Structures are given as C-alpha cells and as structure tokens.
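Encoded as structure tokens, the structure appears first; notes follow it.
The values are calculated or read from the model by the stated rules, or taken from the named source; none is laboratory data. All values derive from a computational prediction rather than experimental measurement. We place every Cβ from the backbone using ideal geometry, glycine too, and count neighbours over all the protein chains shown. Just so you know, the surface numbers come from the protein's heavy atoms only, side chains and all, with ligands and any DNA or RNA stripped out. Shrake-Rupley method; radii C 1.70, N 1.55, O 1.52, S 1.80 Å.
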Amino acid sequence: MGLNITQKILQAHLIEGELIPGSEIGIRIDQTLTQDSTGTMAYLQLEAMGIDRVKTKKSVAYIDHNMLQQSFENADDHKYIQTVAHKYGIYFSRPGNGICHQVHLERFGVPGETLLGSDSHTPTCGGLGMLAIGAGGLDVAVAMGGGAYYINAPKVVNVKLTGKLNPFVAAKDIILEVLRRLTVKGGVGKVIEYTGEGVQFLSVPERSTITNMGAELGATTSVFPSDEVTRQFLKAQQREEDWSPLFADEDATYDEVIEICLDELEPLAALPHSPDNVKKISDIGEVAIDQVAIGSCTNSSYQDLMKVAKILKGKTVHPNVSLVIAPGSKQVLNMIAQNGALADLISAGARMLESGCGPCIGMGQAPASNAISLRTFNRNFPGRCGTASASVYLVSPETAAVSAIEGKLVDPRIHQENIRVEMPECFAVNDNMIIPPAEDGNQVEVVKGPNIKPFPTSEPLGDRVEGKVLIKVGDNITTDHIMPSNAKLLPFRSNIPYLAEHCLVPCNPEFPQRAKDNNGGIIIGGDNYGQGSSREHAALVPLYLGVKAVIVKSFARIHRANLMNAGILPLVFANPEDYDHINEFDELRIDDIKTQLKNGSIIEIQNLTQRTKYNLDISCSEKELKMLLAGGKINLIKTEA
Ligand code: MIC
Ligand code: SF4
C-alpha cells in the first residue's frame, strides 16, 4: 500500500513502535533548534544529562525572543546560551540574525529529515518537506543527546488544495480557513499534510506560513511535499544539495480528507481572542484600528515584506495607526535594504523593529488601553500583546498593510495595483551571524550569570496524592494563562522562583499565594488545557509551587508531555460531567496511586469534601509510567544511567 509523506518520514526515522495511530513510537531526530526563552532550561537540562557533545546531525541555538535587555537578565541568558552551545557542538544564531523558524527555513531545514524544536512553531520547516515538531526543552535536550523522541503515532489529515489564490488572498487566508473548519483543538493527535494542484503555486515561505500556524490547530505538525518549488528555494539559498524530492505515493491513504478550493477563498481574519474565531473580512463590518504589527515567524519573509512595501510605497500610514514591522531575519532585512523597499516602508511611516519576535510575544509595542491591533502573527490570546484590554485580529500582510493606510480593517482587494513578488533567484546569503561550535568543547567555559537559577525537580511518586483544588478553570486555557510571557516576565525564563509569582494570575491573581498557603495542590481544567506554546515553564512553575496533579477534560499535546516530564500527574476525567461537580478548595485524594497506575489506565480519586468519587483516565505508555513513578524525566534518566 502506498505511503503518504508523513508515513514516509516517520518510517525512515522509526526506532521503536509501529505506525498505528494512537500507539507510542520513538523516532530519531536529525536536527534540533532552541530559542532563548526556552533554551536556557533546555541547556541546563542538557548539562544535567552529563553528555559531552550533541549527537544530532545539526543543532542550532537561536536568540530571538528576549531582545529588550532592559537590565542584565536577557544578556546573561544570551551569554549562557552562546557558551553552552559552543561547548556542546551547537550552532549559535546571534541576536539580530532573526527569528528561529525563519532562519532555520532559510539556512538549515532539509526535506525528509526530522527537526525537534523547543518552540511550538517548529512545524514552520514543514513548508520544505521536513517533519518538524515542537516540544518541551527537556525533550529537545534528550534528542540532542541522541535519544529518541516519543509521540503517539499521528493520524494524517490530507488538506487538498485545488485551484490558485486570487490576488490579495494569501497563504495566511488558507491556514485561517483550515482553523475556521477544524478549530484550535481539531489537529490534536494529527499531522496535517497538504497536497493537490494548488501546492505548486505556493512558494516555500507561503507554505511555511501555513505549516507554522498548524500549531494553532494543536496538530503534531504539518507538512508539504518537497517539489521543484522547494528545489528552487534551496538553490536560491545556495544549498541545492540539501534538496531531495518527497511526495505522497499515488495510492497513499489518509485518515481524513479536506478540500479547499483556493479560487473561492476570500481574505479572512481571526477575531479576538482565538485563532479559530475566523470570519470573512467582508462580513466583519467596519472596525477602526489603532495599531498594525507585521512580522513574526508566520509572516515576515522577503516575499511578505516586499508585498507590504509595494502597498505602502508612496502612501502614508493613517494618523490613528501605529505601524510596526519586524523583518523575520537579517537576510530579509538586508535584501529589502539593498533593493530600496526598506526606504519605502520607512517613508510611509512604518516603525522598523529589529529581526526578532518582538510584539508577538509582548516584548514591546503593547497597544493602548482598549485598542484594536491587526497583526500578521499566529496567536491573539487575551493579554498576549501586553495589554489586557486590547483586542488582536490576525490577518495576512496584505490585509495589514492596506488597513494601515485606511485606518480600519478592510478587505485588501480595494487596493488596485499589482503587488506580485517573484521569488528571488538568489537570496542574500551571509551566515556571519551564525557561530559554529568549538572543535574541542572541553576548552570552553560555560558562563552562568546570577539570573540563571537551577530548575526544580520532583520526588519519586509516593503512595498517595492529595491536595486542595487550588483553581478551577474553563476550556482552552493557554500556556499564556498558565505562565504569562511579556516584556516584564520574559527576562526571567531562567528564574523559576521569580516566575512562580505570576503563575495562572490571568485566571486568578490569588493562585500563587493559594498554592503556597496550601503546600501545593491540584488544578482542575476543561478541554484543550495548555494549548499554545511549548514552554515547559507552564509545568516547571506549577511543580515549584507544589502542584501534584492537573485534572482536565482534555490536554494539548505538548503541555501534557511537559507535565509528565516534570512528574506532575496529567489526568483526564473519564466522565467529563464530573468536572461540573468539583469546586475550588475541595479536598481530593488518590490512594494507592502506584498500584492503581500499574493496574490500568483508570484510577479512582476521592473528593473528601463532597464525599464522592470520580474515575480519571491516565492512558500512558510504559515509558511514561516509569517516568511518573520516578518523579519526572530527569529523575528517570538519572536512575537509568
Ligand atoms: C510563543 O509564541 O508563545 C513562544 C514564545 O514562541 C513559545 C515559546 C516560549 O514560550 O518561549 C512557543 O510558541 O512555544
Ligand atoms: Fe516568536 Fe511569535 Fe513565532 Fe513564538 S509565535 S516563535 S514569539 S514570532
């Protein structure tokens, strides 16, 4: 029987298990990436594993998130990552070189290989036919050490693209359409594989906009074929030798098929406060805007910024709008500087930011109170932009640019001029901001400034787990709720005790104090708990605060793995209606937990306050079970060493 692209890559990298959807498999990882806000933890964990040098084909450490440097903390993290990378055999992409996903696509991604990254948008490289997966830092550290990465073999969803996009309808509109149809939890346990005649009309960066935002579906990853367009892209990046063709077999089968007719697609927007709250712009009505932000790993390629420059050329940004633009990489910035497009952007009134994540992760450019911000980014969760009362709409670069001139959200098709941008035959390749690792790491001293604190570890599981319900939250709680990130907090990603004061504060400001007063406890949540980023801080900080179990209706994939790794029990209500009967401060207790875990996936918990019992599901693999008993992955690695 024929194979699809996902099966081909998984098959070629399979170390353990069988490709039966839902069953655990271990895969070999060829490449890893980290960024600075998850990187410090990943490298502290790598150091704790006691290996001398990474065992991957290529590992890259990027600095792109924490760039404000209001004080010494960010610079400390940068220095630590630079020195640890140099020692352990990891390439170091210096601050200013660009956003990890954009740079990885340009300079390192290889069709048919696997990439594991400590960032949820690692699937961006799926745009050139890589199987690229986001994970917690510890899983990435293990992969750097040569260990397999374990996931449940995914179902594969085929999104068939037919036809061709009309002018001013963008790749962003394709992924917004997929989000509209599947929702933010529609991709859990699935890989989204794009095929169809429409694929050939999409450039690699456009494909990557789509695979990037597959993270918002909760998907394991998303992938495109590697075709002639991919070859041309790699050739223009002066690395044609990295290309190989990769297509689904003619008779490949899929678990689900979705068809999108590109000719029929219209410009779309994701309305506040969820990436799946998607509507046609023509149906939204007039919305006056205060800010437009263009950039992020979703939409900051050369092609994106050239289109924006063409729209803005000779115009002026509306007086009520602040327009900020962050090019995705030094390569992009260089090219638009060299061809004059940067001057067009500046003349129109754009505020140019350095190549990095910037406003996407709340590092500056927080909008005014109650403001409306249009962003070409991938997430519009409440408060993520840095202003709790602001509302963020997610749109394409075309929509963002035309709207910035008009002062209101508009259908970009009102712009009459042609903005077609050809892919360059040759990108401005210059890797002088990428530092290769030292030949001999033994000579390198790792520098750890005072902001870098040890990470918390858990105890082996006892016989009984008990505690009060510290908080009860609803559906779709994001890691931005659990462990917020913004300009004030991001500098403290290496300082768990500091971050602990902010855990779950957007849901309830009393949470950290409650956890301390009760010596830890239990969190209750709804569906898709922990969606969004890969930050393991959303597990390490609750661990530090003494959280022993999280009981929910369902989990997002990466967060569940991070809880497991930290030694916190990720439990799911066997009967979702039991959620309704638990209150904050109820006293819960699980007896004989170790025996219960060994006996099967259903365990019983008592609610001592309400005098009731519930069944909880912890379907876990043998490996996960060992990890829970040991009190987390690091403990398990130590005991197995
Ligand atoms: C994000 O977009 O939320 C981040 C910041 O890139 C995170 C990683 C992090 O929290 O450091 C992600 O997407 O994984
Ligand atoms: Fe950076 Fe934003 Fe992309 Fe996260 S989503 S990697 S913060 S640009």
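General observations
- Every pair of residues 6+ apart whose Cβ atoms lie under 8 Å, when the first sits in the stretch 214-228 and is away from ligand 2 (no atom under 15 Å from the Cβ) while the second is open to solvent by 10 Å² or more (accessible area, probe 1.4 Å) and hydroxyl-bearing (Ser, Thr, Tyr): PRO225/THR195; SER226/SER244
- Meets criteria (over 22 Å from the mean Cα position of the chain (by Cα), over 20 Å from THR209 (Cα atoms) and among the aliphatic types (A, V, I, L, M)) for ALA350: yes
- Out of LEU10, LEU33, LEU19, sole residue that is in contact (Cβ under 8 Å) with a residue 12 or more places away in the chain, open to solvent by 10 Å² or more (accessible area, probe 1.4 Å) and aliphatic (A, V, I, L, M): LEU19
- Filter result for ALA288 (away from ligand 1 (no atom under 16 Å from the Cβ) and either open to solvent by 40 Å² or more (accessible area, probe 1.4 Å) or polar (S, T, N, Q) (or both)): yes
- Among all positions in the stretch 428-439, there is no residue which is closer than 30 Å to THR478 by Cβ and either touching a strand residue (DSSP E or B) at 6+ places or on another chain (Cβ under 8 Å) or within 16 Å of ligand 1 (Cβ to nearest atom) (or both).
- Scanning the stretch 230-253 for residues that are open to solvent by less than 50 Å² (accessible area, probe 1.4 Å) and in contact with a strand residue (DSSP E or B) (Cβ under 7 Å, 6 or more places away or on another chain) yields a count of 3.
- Top-ranked residue of the stretch 481-505 - restricted to ones that are small (Gly, Ala, Ser), in a loop (DSSP other than H, G, I, E, B) and in contact with a Leu (Cβ under 9 Å, 6 or more places away or on another chain), ranked as most open to solvent (accessible area, probe 1.4 Å): ALA487
- Residues in the stretch 183-196 include none that are in a helix (DSSP H, G or I), more than 25 Å from GLY2 (Cα to Cα) and at pLDDT 95 or above.
- Residue list for the stretch 520-565, filter: assigned to a loop (DSSP other than H, G, I, E, B), within 15 Å of ILE471 (Cα to Cα) and hydrophobic (A, V, I, L, M, F, W, C): LEU545
- Lone unmet requirement of (1) under 17 Å from the mean Cα position of the chain (by Cα); (2) in contact (Cβ under 8 Å) with a residue 40 or more places away in the chain; (3) open to solvent by 10 Å² or more (accessible area, probe 1.4 Å) for PHE555: (2)
- Test: residue in the stretch 113-127 that is more than 27 Å from GLY26 (Cα to Cα) and either within 16 Å of ligand 1 (Cβ to nearest atom) or open to solvent by less than 10 Å² (accessible area, probe 1.4 Å) (or both): no
- Within the stretch 506-532, considering residues that are free of Cβ contacts under 8 Å to residues at least 40 places away in the same chain and within 20 Å of SER485 (Cα to Cα), the one surrounded by the fewest Cβ atoms within 10 Å (Cβ to Cβ): PRO509
- Scanning the stretch 435-480 for residues that are away from ligand 2 (no atom under 16 Å from the Cβ), under 29 Å from ASN528 (Cβ atoms) and either without any contact (Cβ under 8 Å) to a residue 12 or more places away in the chain or not in a loop (DSSP other than H, G, I, E, B) (or both) turns up VAL465, GLU466, GLY467, LYS468, VAL469, LEU470, ILE471, LYS472.
- Filter pass, ALA350 being open to solvent by 20 Å² or more (accessible area, probe 1.4 Å) and farther than 25 Å from VAL178 by Cα: no
- Candidates are the residues of the stretch 163-205 that are on the phi > 0 side of the Ramachandran plot and touching an Asp or Glu at 6+ places or on another chain (Cβ under 7 Å); the one that is surrounded by the fewest Cβ atoms within 10 Å (Cβ to Cβ) is GLY163.
- Filtered residue count, the stretch 369-384, keeping only those that are touching a Ser or Thr at 6+ places or on another chain (Cβ under 7 Å) and open to solvent by 30 Å² or more (accessible area, probe 1.4 Å): 3
- Selection over the stretch 128-148 of residues that are of a type outside the set (Gly, Ala, Ser), away from ligand 1 (no atom under 16 Å from the Cβ) and in contact with a Phe, Trp or Tyr (Cβ under 8 Å, 6 or more places away or on another chain) gives a count of 3.
- Positions within the stretch 354-384 being within 16 Å of ligand 1 (Cβ to nearest atom) and under 20 Å from LYS313 (Cβ atoms), in sequence order: THR376
- Residue in the stretch 223-233 that is part of a strand (DSSP E or B) and touching a Phe, Trp or Tyr at 6+ places or on another chain (Cβ under 9 Å) present: yes
- Residues located in the stretch 406-420, provided they are surrounded by 17 or more Cβ atoms within 10 Å (Cβ to Cβ) and within 29 Å of LEU234 (Cα to Cα): ILE419
- Every residue from the stretch 385-405 that is in contact (Cβ under 8 Å) with a residue 24 or more places away in the chain, open to solvent by 10 Å² or more (accessible area, probe 1.4 Å) and not aliphatic (A, V, I, L, M): GLY386, SER391, TYR393
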